[in-house]
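Single-structure report; data block below.
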Amino acid sequence: MSLNEFSSIMVIFGGTGDLTHRKLMPALYNLLFEKNLPENFCIVSVGRRDKTNESYRNEVYESIKNFSRIELDENVWKVLKNKIYYQKFDFHDDNGYTHLKGLLSELDDNYNTNGNRIFYLAVAPEYFELIVEKLNEHGMVENNRSWQRVMIEKPFGKDLNSAKYLNKKITEVFREKNTYRIDHYLGKEMLQNIMVIRFANVFFEPVWNNKYVDNIQISSSETVGIENRGGYYEKAGALRDMVQNHMLQLITLTAMEPPVDLSTESIHDEKVKVLKSLQELTPELVLKNAIRGQYKGYREEEKVKPNSDTETYVALKIYIENFRWAGVPFYIRTGKRLPVKSTEIIVQFKPLPGILFFKENGGLTPNLLVIKIQPEEGVFLQFNAKKPGTSNKIIPVQMDFCQNCQVGSNSPEAYERLIYDALRGDSTLFTRWDEVEYSWKYVDKIAEVWRNEKPNFPNYEAGTWGPIEADKLILKDNFKWWNIGGSNNENL
Ligand SMILES: NC(=O)c1ccc[n+]([C@@H]2O[C@H](COP(=O)([O-])OP(=O)(O)OC[C@H]3O[C@@H](n4cnc5c(N)ncnc54)[C@H](OP(=O)(O)O)[C@@H]3O)[C@@H](O)[C@H]2O)c1
């Protein structure tokens, strides 16, 4: 398919915001640099601040210089610059949409974009419904001769009910196939690689089940706190900000069955089956298997209540009740102000029978497969080998494949892939409605129990691995959290 079949205008609501400047514009620049944008393409950014096309373009220039993974090339910039327009209006203002519609139709003539649109909602969630409704009222959606797609940032709702309501409002205007719900983790190189590693290697797939796997640990840690996002984070917390979307998506990709083919629907079908198989949570199970934490100092952050009970850390023990995974615990943990920034999946394999080396050497280190998602991308395999020399000592040795350590490696940013796919009409790396729905169903059960229980916050020091209860959660099963990001886990 030629790129020119995707001729279109991308309208970015929230064009003056942080996401647009730090991620979207650099992504568009990199796509153009690598010849992955159609020739007939332009961008209209909407914001409230007073700007001319010229002043807005100058700001975008600075953002690309600061945040693009590929150094700014003036010749490429010249091409992109002439494709960028700015419109100032408040999302409530009908006149604004009328002018926008006029501008888009003018640009259709200039750029041959045929009425095709991507509406990117890089705005706070309270505006999702309003903008979608206004686009519809102003006749900017579902024109039979062209296509219109909507890209929606997370969070998609704050619980199951609000997500259902939002989804209803969106599907009144955009069909499911034109709705691109973003979970930017899915655009990351190594997430796409999980399926390849699992299903393209004979030495992984046959042992990827409860016969050979002892437990799976999925960790996503950040060293930063909430920075200046207190207003948002107070309402979300780690459960809604990380677990409902990124962490459960990581579980689905790690645990899903091989899809019948690589079509979008087949992959989503398998992911949904995992979410449907999550162990039904009772309040007792939540109290036993869900740990929350808050770092010391969180309550002093800007826009945070002095007695806030918002969690900045979550650890869960999860069971997937299907034939492949029955009995295998999945431990997940995510938090802010932890010792390293890292996202990793660690598959711990079962020990071999307690004879031969196991009898003589006692507990050997288990075989581990580590899939490193970020910042380092790669795969790490730990297995046992004889220590060179006269003794019969057995030691763990490692094979470490680092994808992004090689000289010249410069993996595309998640947003590049996501914009590119939305342009091509491929929604594989976006979340289908039923994935959102089942994730909220699961997370709501935890949130409900936590709402009714006063936590003992704050309960961990910044720079440590979270509350001690998270260690106990795993230690009582005779496992331990493995080091991630090359760190030493001081809690162990
Ligand atoms: N920032 C990130 O790295 C990041 C990462 C993942 C997801 N997200 C999600 O992306 C969305 C945007 O985040 P952000 O960090 O870019 O937010 P932000 O910096 O606060 O930007 C908000 C944008 O919305 C515009 N806006 C707000 N109210 C408006 C109104 N009534 N009429 C017209 N424009 C209005 C602002 O325009 P003016 O400033 O001109 O008023 C600004 O362009 C959020 O849903 C967030 O959760 C962000």
> Just the Cα atoms of the chain, one point each, no solvent: what log10 I(q)/I(0) does Debye give at q = 0.06 Å⁻¹?
Replying inline: -0.30
> Gap in Å between the Cα centre of the stretch 424-477 and the Cα centre of the stretch 17-88?
Replying inline: 35 Å
>> Using only Cα atoms and rounding to the nearest 10 degrees, what angle (0 to 90) does helix 128-137 make with the longest principal axis of the chain?
In response: 30 degrees
>> So in the chain, which Cys have no other cysteine's beta-carbon sitting under 4.7 angstrom from theirs?
In response: Cys42
> Can you list the equivalent-ellipsoid semi-axes of the stretch 409-489, largest first and in whole Å, using the square root of 5 times each Cα gyration tensor eigenvalue?
Replying inline: 34, 23, 13
>> Order Val79, Val272 by their accessible area, 1.4 angstrom probe, all chains in place, largest first.
In response: Val79, Val272
> Quick one: accessible area per residue over the stretch 364-475, 1.4 Å probe, rounded to a whole number of Å²?
Replying inline: 48 Å²
>> Treating only the Cβ of Lys, Arg, Asp and Glu as charged (+1, +1, -1, -1), what charge dipole size does the stretch 346-464 show about its Cα centre? Round to the nearest 20 debye.
In response: 720 debye
> How high is the relative contact order of the chain, in percent, counting Cα pairs under 8 Å that sit 6 or more residues apart?
Replying inline: 17 percent
>> Using a Cα-Cα cut-off of under 13 Å, which aspartates and glutamates could be cross-linked to Lys480, ignoring same-chain neighbours fewer than 8 residues away?
In response: Asp214, Glu469, Asp471, Glu490
> What is the stretch 360-432's relative contact order, in percent, from Cα pairs under 8 angstrom and six or more apart in sequence?
Replying inline: 22 percent
> Taking the simple approach of a point 7 Å from Cα along Cα-to-Cβ for both Lys273 and Glu461, what is their distance in nm?
Replying inline: 4.7 nm
> Rounded to the nearest 10 Å², what accessible area does Trp440 show when all protein chains are kept and the probe is 1.4 Å?
Replying inline: 0 Å²
> Which links in Lys51/Lys168; Lys271/Lys476; Lys88/Lys134 stretch past 25 Å when you go from one Cα to the other?
Replying inline: Lys51/Lys168; Lys271/Lys476
> How long is the gain from Glu302 to Ser391 if the chain were fully straight, where each residue apart is worth 0.36 nm and the alpha carbon distance is subtracted?
Replying inline: 26.1 nm
> In Å, what Rg and Dmax follow from the Cα atoms of the stretch 392-438?
Replying inline: 19.0, 59
> Relative to the present Cα-Cα distance, how much length would full extension add between Asn95 and Lys177 at 0.36 nm per residue of separation?
Replying inline: 26.6 nm
> For the stretch 1-85, with every protein chain kept in place, what is the accessible area per residue (1.4 Å probe, Å²)?
Replying inline: 45 Å²
> Ranked by accessible surface with a 1.4 Å probe, highest first, in what order do Arg49, Arg299, Arg117 come?
Replying inline: Arg49, Arg299, Arg117
>> Give the lysines reachable from Lys35 as a straight Cα distance under 16 Å; neighbours fewer than 8 places away on the same chain don't count.
In response: Lys78, Lys81, Lys83
>> Full-extension gain between Lys78 and Lys341, please, as 0.36 nm times their residue separation minus the C-alpha to C-alpha distance.
In response: 91.1 nm
> For the stretch 3-153, what is the convex hull (Cα atoms) projected area averaged across all directions, in square nanometres?
Replying inline: 8.3 nm²
>> Using only alpha-carbon positions, what ratio does the radius of gyration of the stretch 186-475 give when scaled by 2.2 N^0.38 Å?
In response: 1.06
> Calculated FRET efficiency, Leu475 and Cys405, Cβ-Cβ r, R0 41 Å, to nearest 0.05?
Replying inline: 0.80
>> Given a 1.4 angstrom probe, I'd like the percentage of the accessible area of the chain that is carbon and sulfur, rounded to a whole number.
In response: 50 percent
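The values are calculated or read from the model by the stated rules, or taken from the named source; none is laboratory data. These numbers were taken from a predicted model, which means no experiment stands behind them. So basically every Cβ, Gly included, is an ideal-geometry build from the backbone, and we count neighbours across all protein chains shown. In case anyone asks, the SASA skips ligands and DNA or RNA and just uses the protein heavy atoms, side chains included. Shrake-Rupley method; radii C 1.70, N 1.55, O 1.52, S 1.80 Å.
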